[in-house]
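Report on the following structure.
The values are calculated or read from the model by the stated rules, or taken from the named source; none is laboratory data. Keep in mind that what you see is a predicted model, and the values were worked out from it rather than measured. For neighbour counting, all protein chains shown are included, and Cβ atoms are generated from backbone atoms with ideal geometry for every residue, glycine included. What goes into the accessible areas is simple: the full protein's heavy atoms, side chains included, and nothing from ligands, DNA or RNA. Shrake-Rupley method; radii C 1.70, N 1.55, O 1.52, S 1.80 Å.
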Amino acid sequence: MTSPADWLAGARPRTLPAAVAPVLAGTAVAAYVDQAVWWKALLALVVSLALQVAVNYANDYSDGIRGTDADRVGPMRLVGSGAATPGAVKTAAFAAFGVAAVAGLVLAATTAWWLVAVGAVCVVAAWFYTGGDKPYGYLGLGEVMVFVFFGLVAVIGTTYVQTQAWEWPALYAGVGIGALACAILVANNLRDIPTDTVAGKRTLAVRLGDERTRYLYAFLVLVAAAAVVAVAAATTWWALLGLVFLGRAVAPTRAVLGGAAGPALIPVLAGTGAAELAWAVLVAAPLLVLG
């Protein structure tokens, strides 16, 4: 029997800040233009959290049945460790997708029905990251998916369902959140270069190699800092408070550039997630207060 603790570990709770951050940032932009709708923000949060959990279970299932997780360093994998059957993990993934779909349908029904198509693309992208015959995560395109869907789409979408208008600060915030979400994946794939290479998983980290992947991580942190300035220029200079997120990013960046490998990169994942959440909180605070 798979215990509740096993299922919680399989959901990878340390990744959940990456689901909270874009909703917080997008809602703050909506609040700044006096268009925040809090029940829609909460539904957007349900969609984001459910999609994150669904992606985690879907990756666990797909990597597990391929044998990619057999010797993986890091959080427990339900299928790879034998703690749960592939069918059970697949069912959990689709249950989470279902929760996201229901919440998304409510948002679409109260905003614009074309959002159903956006939601469908998000679900398909989440599944085929590691699922299907030719998963794009195995082709080095995972970072693109994360930047687009957990950055741009998540932030801009959260703002749009509340304002029903295009807001440039949401785009800039999406870039910042997306860059840090990418940095989490880059650190994860940096850690897994040895096992992914053996398993034939050609992630961007495998393609770039160890050294250039480390520089990519640092570059993404710098992009996130530049995005803070862009948001401030489009809203209020008080948003520059968001640059304080760099304080949380120093330790993981130092570890990555210092050559940390294997288990030593596990704290980098948590640290980068904390930096992303700090980015969202610190940028959002003045927008919420002044909105």
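Here are a few things to note about the model shown:
- Of the whole protein surface, Glu276 contributes about 0 Å² of accessible area at a 1.4 Å probe radius.
- Across the stretch 1-128, counting alpha-carbon atoms alone, Rg and Dmax equal 16.2, 51 Å.
- Cα-centre dipole for the stretch 1-154 with unit charges at Cβ (Lys and Arg positive, Asp and Glu negative), debye to 20: 80 debye
- Taking the 1.4 Å solvent-accessible surface of the chain as the whole, the part contributed by carbon and sulfur is 71%.
- Whole-angstrom gap from the stretch 14-37 to the stretch 153-190, using each part's C-alpha centre: 9 Å
- Lys, Arg +1 and Asp, Glu -1 on Cβ, resulting dipole of the stretch 194-291 about Cα centre, debye, nearest 20: 160 debye
- Per residue, the solvent-accessible area of the stretch 225-291 (1.4 Å probe, heavy atoms of protein chains only, all protein chains present) comes to 43 Å².
- Charge tally in the Cβ shell below 15 Å around Ala92, where Lys, Arg are +1 and Asp, Glu are -1, Ala92 excluded: 0
- Debye, to nearest 20: dipole size of the chain, +1 on Lys, Arg Cβ, -1 on Asp, Glu Cβ: 240 debye
- Were the residues from Ala112 through Leu257 laid out at 0.36 nm apart, the gain over their Cα-Cα distance would be 47.7 nm.
- Distance from the Cα centroid of the stretch 70-141 to that of the stretch 210-274 is 26 Å (rounded to whole angstrom).
- Per residue accessible area in Å² of the stretch 1-149, where ligands, DNA and RNA are left out and the probe is 1.4 Å: 44 Å²
- When the surface is traced with a 1.4 Å probe over the full set of protein chains, Phe94 keeps roughly 100 Å² accessible.
- Sequence-distant lysines (8 or more away, or on other chains) whose Cα lies within less than 21 Å of Lys90: Lys134, Lys201
- Ellipsoid equivalent to the stretch 130-252 - semi-axes via the Cα gyration tensor, in Å: 30, 19, 8
- Accessible area of Cys122 (1.4 Å probe, protein heavy atoms only, ligands and nucleic acids ignored): about 20 Å².
- Exposure rank, largest accessible area first [Asp6, Asp34, Asp63; 1.4 Å]: Asp34, Asp6, Asp63
- Each of Ala28, Val289, Tyr215 was placed along the dipole of the chain (beta-carbon charges, centred on the mean Cα), and the one lying farthest toward the positive end is Tyr215.
- Where Met1, Met76 fall by accessible area, highest first, once all protein chains stay in place (1.4 Å): Met1, Met76
- At an R0 of 22 angstrom, the distance between the Cβ atoms of Ser81 and Phe219 translates into a FRET efficiency of 0.05.
- Farthest toward positive dipole pole in the chain [+1 Lys/Arg, -1 Asp/Glu at C-beta], among Asn56, Thr203, Gly132: Thr203
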